[in-house]
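Structure record follows, encoded as structure tokens.
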Amino acid sequence: MKKVFLAILATIAVVGMVSCNKDDNGKGGKGKKTATEVNIKIDGDLSDWADVAVAAEINEGGEETVESRASMLTLKAAADATNLYIYFEALIPEDMTAAPIDMFIDSDNDPTTGFTSWIWKPSGYEFMIESEAGILNSTLDAVINMEDAAIYKALNYTDPATGEQVEFWGNGATNEQIEITGFIESAGKVVNGTAFVEFSILRSAINARAKGKIGFGIVYNMVPPASWAQVGMLPIGTDVGQVPFLEIALP
């Protein structure tokens, strides 16, 4: 198993940054392989992510403030001809009772189509994957399958009264809920208040069948959230709305 250096909670509270060993899992670390050169298996053994460079982390874009969304620590991504693979590390605060997950996918890598997010700029996502049950069990000591996860397909909808884009998730007039297929999440693990999670998404389910690039963003919610500062978001800069989606190459 690869060595994972856990974030020091006190440091995050003060300066909002996570230290990262660049030789092991740092962004652009020496000897790291591209997404097409790795063989990821969703089996709970996370050692196969060791050769995948960190794609985004909480000090993305510079030093974070105390109000940074610092609970999501590290994000990695890989892909093969069939699946998109995601790995992330996230903190589990003591007052948290659940860990819902939202993922946003710009399947055509075009920020001018789809819905625009206030979190990422520029952004235009065609799909949202949501799991209200989230990644952790009720005692927050184990990772669970996101069996309730649903994929929503966004349509370009403009409110005729205001001329603005409007999101009505689950409303058949503006969006259609897609039956989820090929979504797998491993048991992962929880170590000293940090969750380590890996999962895969079938490329055909998010209309990402062709070779190219897609945009990806993830939000890790805390229940009950004391403030938006306790919501993990990646990629993220010094504030929301300053960095684009993570760009993932598809072979």
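The values are calculated or read from the model by the stated rules, or taken from the named source; none is laboratory data. Because the structure is predicted, anything quoted here is derived from the model rather than measured. Neighbour counts run over all protein chains shown; Cβ positions are idealised from the backbone, glycine included.
Keeping to the stretch 120-153, report how many residues are surrounded by fewer than 18 Cβ atoms within 10 Å (Cβ to Cβ) and touching a helix residue (DSSP H, G or I) at 6+ places or on another chain (Cβ under 9 Å).
Qualifying residue count for the region: 1.
In this structure, does N39 turn out to be crowded, with 19+ Cβ neighbours inside 10 Å, at pLDDT below 90 and part of a loop (DSSP other than H, G, I, E, B)?
No; evaluated as a whole, the condition is false for this residue.
Could you say whether any residue in the stretch 96-112 is closer than 15 Å to V223 by Cβ and in contact with a helix residue (DSSP H, G or I) (Cβ under 9 Å, 6 or more places away or on another chain)?
Yes, the stretch 96-112 has at least one match.
Just to be sure I understand, how many residues within the stretch 222-250 are touching a Pro at 6+ places or on another chain (Cβ under 9 Å) and modelled with pLDDT of 80 or more?
5
Could you say whether any residue in the stretch 230-242 is assigned to a strand (DSSP E or B) and acidic (D, E)?
no
So which residues in the stretch 102-119 are surrounded by 22 or more Cβ atoms within 10 Å (Cβ to Cβ), touching a Gly at 6+ places or on another chain (Cβ under 6 Å) and at pLDDT 90 or above?
Once the filter is applied, which keeps residues that are surrounded by 22 or more Cβ atoms within 10 Å (Cβ to Cβ), touching a Gly at 6+ places or on another chain (Cβ under 6 Å) and at pLDDT 90 or above, the stretch 102-119 yields F104, D106.
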